[in-house]
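Peer 1: Got a structure for you, questions after.
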Amino acid sequence: MKELFDEKLLYCGSLGHNIPFKYCRSMNSELPCRKIKDCWFERIDIEKFIEENYSVSEQERIFAEPPDKISTILDLIKKAQGK
């Protein structure tokens, strides 16, 4: 039932405009945005949605802290130098 709330709209502070729930639940390689709980908790029972639709390992990937920007930049430089 992942599609249940797909048409609901919410303003996204990161993107700066309204977006549908479908985008939020699938924007991270078909996994939800890691901020989905923060954004949607007032509109839907997001905790229940996550528990019912994603395994524990998927939830760990969803809510894992992203790498810091310096590490990401250094990784990109290393990849570019390797080509």
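Peer 1: Please determine, by comparing only the residues of segment 28-83 that are hydroxyl-bearing (Ser, Thr, Tyr) and at pLDDT below 95, which one is farthest from Asp6 (Cα to Cα).
Peer 2: So the residue we want is Ser71.
Peer 1: Could you tell me which residue of segment 63-83 is nearest to Cys33 (Cα to Cα), considering only residues that are loosely packed, with under 10 Cβ neighbours inside 10 Å and of a type in the set (A, V, I, L, M)?
Peer 2: Ala64
Peer 1: Name every residue in segment 15-62 that is outside any helix (DSSP H, G or I), surrounded by fewer than 12 Cβ atoms within 10 Å (Cβ to Cβ) and either out of contact with any helix residue (DSSP H, G or I) (no Cβ under 9 Å at 6 or more places or on another chain) or aromatic (Phe, Trp, Tyr) (or both), in order of residue number.
Peer 2: Gly16, His17, Asn18, Glu30, Phe41, Glu42, Ser55
The values are calculated or read from the model by the stated rules, or taken from the named source; none is laboratory data. This one's a predicted model, so the numbers in the text were calculated from it and none came from an experiment. Every residue, glycine as well, gets a Cβ built from its backbone with ideal geometry; the counts of neighbours run over all protein chains shown.
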